[in-house]
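The values are calculated or read from the model by the stated rules, or taken from the named source; none is laboratory data. Note that this is a predicted model, so its numbers are computed, not measured. Heads up, the Cβs are rebuilt from the backbone with ideal geometry, glycines too, and the neighbour counts pull from every protein chain shown. The area values use the complete protein model at the heavy-atom level, side chains included, leaving out ligands, DNA and RNA. Shrake-Rupley method; radii C 1.70, N 1.55, O 1.52, S 1.80 Å.
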Amino acid sequence: MQFYSSPSQPPNREQRHEDIFQKIDLSLAPEIIGFSRRETELKMLENWLLNKGKSRLISVLGVSGIGKTTLVKRFVDQHLDRFEVIIWRNLKFPESLTSLVNDLLKVSEKEPKGTVSDRLKQLLGFFTEKHCLIILDDVQNLFTRGALVGQYERDYQDYQNFFRAIADLEHQSNVILISREKCREMECLDEQLYPIKSLELSGLEDVEILRNMGGGLLKDEDNWLKLIQLYQGNPGYLKQIAFIIHNIFDGHVADFLAENSLIITPEMQFGFQQLFERLSPIEQQLILELSQLDKPVTREDLTESLQLSSMDLINGLQSLQQRYIVTKIRENRLLFKVCPVLREYLIRCQK
């Protein structure tokens, strides 16, 4: 499938008609209630999307519950007047690229015409004519289950060319990809030279997380930071745990911590089970081995304990890092460890 860019340059805003064209479709975007301490990340998105030399393809990445969708929606809510077209779509149940392109054209008040290639040319031409922001959430659902990270399902391989075209062809619009997994189209070695940016979200260590969730439900505020650190500052995990503390411990965080146990809720178990099933057999083998170790280990340690080729070991570690469930630590040597909450799940539920 080929892609074409419009030969015409975007008109100067001062030369446009006095009528202001704006089309916003956030019908599939979540409502944000409470927002915690992501000002630095919001500023990065603003610089990438709105300032001179803006990036055309941006990915917001991280584990489930870390706040990817919340961050992007917050940015959109703050900058509704800075784009002529804003469309939010969720790929939890993916559709073909053809269906998505038709949808984007119709929402933009453009009647799809001709072949699939004609419609892609029509959409990319519109991206040149108008300042559009397209958000695609849950992009990881385009990728194959049971394979290394970022490999497209057969029915969705056209998306790979589409994302490359968004980055490579000159236009004035932006596409944000929200995903739990990173693929080749979401990265480059020198982001200063290419219009591609990746924002990888980590946990927050700030008691405002709990306060914005309804801090009146929880007591012992001097223990809140310990609770946040126990669950790696993941807002999704903490919201579930806050309900347990409210219902079972009458809101006493200190009593919950006195249990000296990392509680894995049924919702977390379900999410981790889905995640484990997405992994390739090599990744499953690696992560189960890592979960049995109580300290970070080197690649050489894993080589000794697992019957894997050097290629499989290296590709597996790379893939697990691009799913944000294995992290590396730089000390005297490079060490690898599995995220503690996931490790607890693997120890208890994947024996």
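General remarks:
- Rough spin-label spacing in nm, given labels placed 7 Å along Cα→Cβ, for Phe270 and His79: 3.4
- Helix-only arithmetic for the chain: the sum of -39500 (n - 2.57) across DSSP H runs with n ≥ 4, divided by the residue total, places the mean residue ellipticity at 222 nm at -12000 deg cm²/dmol.
- Estimated at 0.36 nm per residue, the fully extended path between Glu109 and Asp250 surpasses their Cα-Cα distance by 45.4 nm.
- Cα long-axis angle, helix 68-78 against the chain (0 to 90 degrees, to the nearest 10): 40
- Accessible surface, the chain, averaged per residue in Å² (probe 1.4 Å): 51
- Derived scalar couplings ³J(HN,Hα) [region 330-347; Karplus, 6.51 cos²θ - 1.76 cosθ + 1.60; whole Hz; x for Gly, Pro]: 9, 10, 5, 10, 7, 10, 10, 8, 8, 4, x, 5, 5, 4, 4, 4, 5, 5
- Per the Cα gyration tensor, the chain maps to an equivalent ellipsoid with semi-axes of 39, 26, 17 Å, ordered largest to smallest.
- In degrees, nearest ten, helix 266-278 long axis to first principal axis of the chain (Cα): 70
- Pairs over the 19 Å Cα-Cα cut-off, from the set Lys92/Lys182; Lys197/Lys328; Lys54/Lys197; Lys23/Lys73; Lys23/Lys106; Lys43/Lys197: Lys197/Lys328.
- Once backbone amide H atoms are built at 1.01 Å from N, Asn234 has Leu204 as its partners under 5 Å, excluding neighbours fewer than 5 places away on the same chain.
- What the Cβ-Cβ distance of Asp118 and Arg145 gives, at R0 = 41 Å and to the nearest 0.05, is a FRET efficiency of 0.80.
- For the set His252, His79, the ranking by accessible area, highest first and with no ligand, DNA or RNA atoms included, is His252, His79 under a 1.4 Å probe.
- Among beta bridges that DSSP assigns inside the chain, antiparallel share in %, nearest 5: 25
- Ranking of Phe336, Phe21 by solvent-accessible surface, largest first: Phe21, Phe336 (1.4 Å probe, protein heavy atoms only, all chains present).
- Between helix 235-248 and the chain there is an angle of about 50 degrees, using the helix long axis and the longest principal axis of the Cα atoms.
- Exposure rank, largest accessible area first [Ser27, Ser117, Ser173; 1.4 Å]: Ser27, Ser117, Ser173
- By a 1.4 Å probe calculation restricted to protein chains, Glu185 has an accessible surface near 10 Å², given to the nearest 10.
- The portion of the accessible surface of the chain made up by carbon and sulfur, rounded to a whole percent, is 46 (1.4 Å probe; DNA, RNA and ligands excluded).
- Taking each residue as 0.36 nm, the span from Tyr194 to Phe93 lengthens on full extension beyond its C-alpha to C-alpha distance by 33.3 nm.
- Interchain or long-range residues, amide H under 5 Å from Tyr152's placed H: Thr144
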